[in-house]
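The block underneath contains the structure these notes are about, expressed in structure tokens.
We did not get these values from a lab; they are worked out from the coordinates using the rules stated. Worth saying up front: this structure is predicted, and the values here are computed from it rather than measured. When we count neighbours, we look across all protein chains shown, and the Cβ atoms used for this are built from the backbone with ideal geometry, even at glycine.
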Amino acid sequence: MKLTFRQKSFLGRLLDLYREARQPMHYTEVARRLGLAKSSAYDMLRLLERKGLVISEYVLPKESPSPGRSHVRFWPTAMAEEIFSQSVAEAAEYRGEWEQIKAQVLDRLRHGKASARKAVLRDVINMILEARSPLAVCAEVITALLLSLGEVKHSLGPQSPLARLLGAPPTKLGMSLAAGLAAGMVQIDTASGRALDRLYEYVKRYEMSLEELDPDKLEALRRYAQDVMKALYRA
């Protein structure tokens, strides 16, 4: 089941609250404990309920046994527990994939010869096909674009538009513009135009994967792209 970062975060915190309370909770209590607006907590609970991850029930307040206005309470389902457990395991796997990419690519760029860049580019493109995490996809695609620019050093220098863009606080728009700028610069070189045609589908996958990144991963991607640029510029 596909959940956004916000939905996953809310579900994880709801599971923690439920384990602590050991009973269904009114949405106002969920909102108070999570520091959210009541309407925001209620809407998220209802959204997760439609996905089968939360159950609701209407009960009368204990202090008012006579007929009256009932209260709605929520608790996570067994499916929520299972999905969150899978997400934790998946996150650990993704971290391993991310660390491997950084080590392999940056080490080869920092210590290899400039003539070896074509081999690195070929390997990175193959890695895009195998990447599982959104962060890995983004890192590999932007690496391929930067490698395609590697022969034009001024485009990667510290005063280049691309470097200035990557020097700003990371946002999804900013990282999208960085990839778009790099792709546009590659296209200017007619010899590299064919490479861009080959990367077109990967750039689209980059944009889709970018939407899945939280602020911490955006910052990790930005720093990685900066490191790749520095390695190429100094080579």
Subtracting the Cα-Cα distance of R223 and R32 from 0.36 nm times their residue separation yields 65.2 nm
Sparsely packed trypsin sites (Lys or Arg not before Pro) within the stretch 5-65, loop by DSSP, other Cβ within 10 Å at most 14: R22, K62
So, by mean Cβ neighbours within 10 angstrom, what's the order for 181-187, 212-218 with the highest one leading? 181-187, 212-218
Quick check: residue separation of K2 and E82 times 0.36 nm, minus the Cα distance between them. What number comes out in nm? 27.4 nm
